[in-house]
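Everything below concerns the one structure shown next.
The values are calculated or read from the model by the stated rules, or taken from the named source; none is laboratory data. For clarity, every value in this text was computed on a predicted model and none was experimentally measured. Cβ: placed from backbone, ideal geometry, glycine included. Neighbour counts: every protein chain shown. Just so you know, the surface numbers come from the protein's heavy atoms only, side chains and all, with ligands and any DNA or RNA stripped out. Shrake-Rupley method; radii C 1.70, N 1.55, O 1.52, S 1.80 Å.
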Amino acid sequence: MGIKILGTGMYLPEKVVTNEDFTKIVDTSDEWITKRTGIKRRHISQGEYTWVMGLKAATSAIKNAKINPLEIDMIIVTTISADFAYPSMANVIQGKLGANNAFGIDICCACAGFVYGLDMAQRYINTDSDINNVLIVSSENVTKTVDYTDRSTCVLFGDGAGAVVVTRGENQAYSYLGADGTGAELLYAHLYPANNGFTDENVALENSKAFPNETGRYMYMEGQDVYKFAISAMPYAMEKACEKAGLKPKDLDCIIPHQANIRIIETAAKRMNVDMDKVFVNIQDTGNISSACIPVCLTQLLEQGKIKSGDKVGMVGFGSGLIYGAIVITV
Ligand code: COA
């Protein structure tokens, strides 16, 4: 019982926006953004669809895994920024890949999405002998949900995709997943208004105020509350996942945290009693790309030879929901 990683891939859009670029559209500075977040630049989509970025990352992961798309049994797409209400991103990507033997599922688990996807992949592989190879694609076009007149949110996010092929292996991954739905109103973005051919505009306007701070189609975020949640939830989830693996976070060879804010990452590392040299950080170059952060980090770690076969890697995410999750995997 267990899984192993066969191949990884990533895609970041060509367009790079620096902190300096933001000073031209909102009242901010490179110094503020760097000091408060650790971000220097981020890649942003120029109208590239979420599925297109996901397909590019998936194609690279499949190539690295040295398998044929027909050998994929299941596709899990994690995203909070799907292109369509329907069909699923997983079905679109299945069709474009020609992965005709795979079925597909989308999951919306915000910035913890990849951890949830990996956990799900292992559960399918462990319980269904027909499922051997699972493709997880985490693709995000978060910037389309961001208000570029709101300096407290717009500087934080980027776009991109990461993908991983996992297969049946000897080492069990250990996970710990959780949520606090009372925090759903702290970070959200609406999808479509619930209007139809019989909608009374005045009644609809009242009904649309279901959450206290409506921002139309754009992201609403209580940054400080999310920050407080993150610095407790990340160490808690990582410690719980490690406990199941019979380890402490400091025993891990490497930790890949969700890349939301360098101060969150450093505080969480301190609380886990882990040195920052074991914690992978690329936030300076990507910003927060939601569920794509962790598989992009994983791909870069493998490409740079910073992790090797047999290493124990902890991945931990948190985000809108409020949601959290950690997983310990042997690469
Ligand atoms: N440039 C300059 N000033 C800014 C700014 C920006 N881009 N954004 C906010 N400010 C200002 C605020 O208006 C405020 O000004 P004031 O004191 O005059 O009112 C001041 O900076 C401090 O704001 P505050 O919200 O207290 O800053 P902070 O240190 O909490 O940092 C976040 C703000 C958003 C970076 C931080 O709260 C955070 O990272 N939260 C978690 C968000 C997150 O991770 N979300 C995604 C989850 S997956």
- prompt: Checking Val17 against (1) within 16 Å of the ligand (Cβ to nearest atom); (2) part of a loop (DSSP other than H, G, I, E, B); (3) in contact (Cβ under 8 Å) with a residue 12 or more places away in the chain, which test does it fail?
  reply: (2)
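Yes/no per residue for (1) touching a residue at least 24 places away in the same chain (Cβ under 8 Å); (2) closer than 24 Å to Thr79 by Cβ:
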| residue | (1), (2) |
| --- | --- |
| Gln172 | yes, no |
| Glu185 | yes, yes |
| His190 | yes, yes |
| Glu201 | no, no |
| Tyr220 | yes, yes |
| Val226 | yes, yes |
| Met234 | yes, yes |
| Met238 | yes, yes |
| Ile256 | yes, yes |
message: Need pairs with beta-carbon distance below 8 Å; first residue over 21 Å from Cys293 (Cα atoms) and within the range 73-90, second modelled with pLDDT under 95 and not in a helix (DSSP H, G or I); sequence gap 6+ or separate chains.
response: Ala85/Leu191; Ala85/Tyr192
- line: Residues of the range 1-22 being among the β-branched types (Val, Ile, Thr) and open to solvent by 50 Å² or more (accessible area, probe 1.4 Å), in sequence order, are Val16
- request: Would you point out which residue out of Leu191, Leu205, Leu187 is closer than 20 Å to Gly158 by Cα and open to solvent by 60 Å² or more (accessible area, probe 1.4 Å)?
  value: Leu191
Restricting the range 91-138 to residues that are open to solvent by less than 30 Å² (accessible area, probe 1.4 Å) and free of Cβ contacts under 8 Å to residues at least 40 places away in the same chain, the residue that is nearest to the ligand (Cβ to nearest atom): Ile107
query: Quick check, is Pro249 modelled with pLDDT of 95 or more, open to solvent by less than 20 Å² (accessible area, probe 1.4 Å) and more than 18 Å from the chain's Cα centre (by Cα)?
result: yes
- prompt: So which residues in the range 277-301 are more than 16 Å from Ala161 (Cβ to Cβ), in contact (Cβ under 8 Å) with a residue 60 or more places away in the chain and open to solvent by 30 Å² or more (accessible area, probe 1.4 Å), if there are any at all?
  reply: Val281, Gln284
- prompt: If you scan the range 252-276, which residues turn out to be more than 24 Å from Thr18 (Cα to Cα), open to solvent by 10 Å² or more (accessible area, probe 1.4 Å) and within 14 Å of the ligand (Cβ to nearest atom)?
  reply: Thr267
- prompt: Which of the following residues is within 16 Å of the ligand (Cβ to nearest atom) and surrounded by 21 or more Cβ atoms within 10 Å (Cβ to Cβ): Ala237, Ala241?
  reply: Ala237
message: For the range 158-184: of the residues being within 14 Å of the ligand (Cβ to nearest atom) and not hydrophobic (A, V, I, L, M, F, W, C), which is farthest from Val17 (Cα to Cα)?
response: Asp180
task: Within the range 59-73, work out how many residues are among the acidic types (Asp, Glu) and either part of a helix (DSSP H, G or I) or under 10 Å from Tyr11 (Cβ atoms) (or both).
output: 1
task: Mind listing whichever residues of the range 38-51 are part of a strand (DSSP E or B) and open to solvent by less than 60 Å² (accessible area, probe 1.4 Å)?
output: Arg42, His43
- prompt: Looking at Lys56, Lys35, which is the one that is part of a helix (DSSP H, G or I), within 30 Å of Gly305 (Cβ to Cβ), open to solvent by 50 Å² or more (accessible area, probe 1.4 Å) and out of contact with any Asp or Glu (no Cβ under 7 Å at 6 or more places or on another chain)?
  reply: Lys56
- prompt: Can you tell me how many residues in the range 141-157 are of a type outside the set (A, V, I, L, M), under 20 Å from the mean Cα position of the chain (by Cα) and within 12 Å of the ligand (Cβ to nearest atom)?
  reply: 4
- prompt: Among (1) small (Gly, Ala, Ser); (2) open to solvent by 40 Å² or more (accessible area, probe 1.4 Å); (3) over 17 Å from His258 (Cβ atoms), which single condition is Ala179 missing?
  reply: (3)
task: Please determine, by comparing only the residues of the range 208-228 that are modelled with pLDDT of 95 or more and open to solvent by 70 Å² or more (accessible area, probe 1.4 Å), which one is nearest to the ligand (Cβ to nearest atom).
output: Gln224
